[in-house]
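The structure under discussion appears below in the form of structure tokens.
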Amino acid sequence: MSCFRLRTIAELAFICSGTVLGEVVINEIHYDADPKTDAIEFVELHNAGGKNIDLSGWRFSNGIKYTFPTNTTLESGGYLVLAENPAELRRKFKLSASVVFGPYINRLSNGEVLTLRDVADQSVDRVDYGSGFPWPTAAS
């Protein structure tokens, strides 16, 4: 297992990953908004590969529920955000509408498994995150 310290959209995040299953990875999980009343939870995806990836029909099958619409492409080296409330997230962080998708069904909990599946229902990436060890408590 390797851990990386990344600076992304909103804050410092710690990402720990085991085996990477594909080029598209769950890069950041923002599950504990401050203040708690802000509807700004999100999951960020990153295409670490060298080619554009068609996400049409890809979905989250654990935790949150969301299926990416037809003609959704994640460019090589690019990022996109799946938001609890896309309009609120764009407003708070001044993001382009083209990189924010959603809303998704359910809410992110303070620890769960998120699984991203491709159109053939193959697991592309999976993160089992939490607000306690081995995850840094400062992230919460």
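Just so you know, all these numbers are worked out from the coordinates, no wet-lab data involved. The shown structure was predicted, so the numbers you read here are calculated from the model rather than taken from an experiment. Please note: Cβ atoms are built from the backbone with ideal geometry, for glycine as well, and neighbour counts cover all protein chains shown.
Below are the figures for this structure:
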{"item": "Proximal charge balance of LEU45 [Cβ under 10 Å; K/R count +1, D/E count -1]", "result": "-3"}
{"item": "Neighbourhood net charge (14 Å Cβ-Cβ; Lys/Arg +1, Asp/Glu -1) for VAL24", "result": "-3"}
{"item": "Total formal charge among the other residues, if their Cβ is under 15 angstrom from that of LEU55, Lys/Arg +1 and Asp/Glu -1", "result": "-4"}
{"item": "Full-extension gain in nm, SER56 to SER123, via 0.36 nm per residue minus C-alpha separation", "result": "22.6 nm"}
{"item": "Distance between modelled label sites at ASN71 and LYS36, nm, 7 Å Cα→Cβ extension", "result": "4.2"}
{"item": "Cα shape, the range 71-133, gyration tensor, a/c 1.5 rule", "result": "oblate"}
